[in-house]
Amino acid sequence: MVYSTCTLNRKENEEIIDWALNNFDIKIMNIDRLDNNFLNGIDIGLSDEVKKCIRVIPNEVYEGFLCAK
């Protein structure tokens, strides 16, 4: 399953993933970063698994979004 949003809002992204990790028997899979605009998820105060999410920083090629697999 893939969870993706078109926002960089932590409440809609990493906090939802963290909630799901704490309430269901799921794990996050690593996603290969394609370039320097792809960052790891923000895990401050959240599960270390959240670091496996990918945040894409908006630029001339990409709009900002989050993706978790």
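The values are calculated or read from the model by the stated rules, or taken from the named source; none is laboratory data. For clarity, every value in this text was computed on a predicted model and none was experimentally measured. Here Cβ is always computed from backbone atoms with ideal geometry, including for glycine, and neighbour counts include all displayed protein chains.
Applying the selection to the stretch 20-69, what residues are under 18 Å from T5 (Cβ atoms) and touching a Ser or Thr at 6+ places or on another chain (Cβ under 8 Å)?
Correct list: L21, G64, F65, L66, C67, A68.
Take the stretch 23-37 and flag every residue that is polar (S, T, N, Q) and at pLDDT 95 or above. Write out each step before concluding.
Step one: of the stretch 23-37, the residues polar (S, T, N, Q) are 23, 30, 36-37.
Hit for the stretch 23-37 is N23, nothing else.
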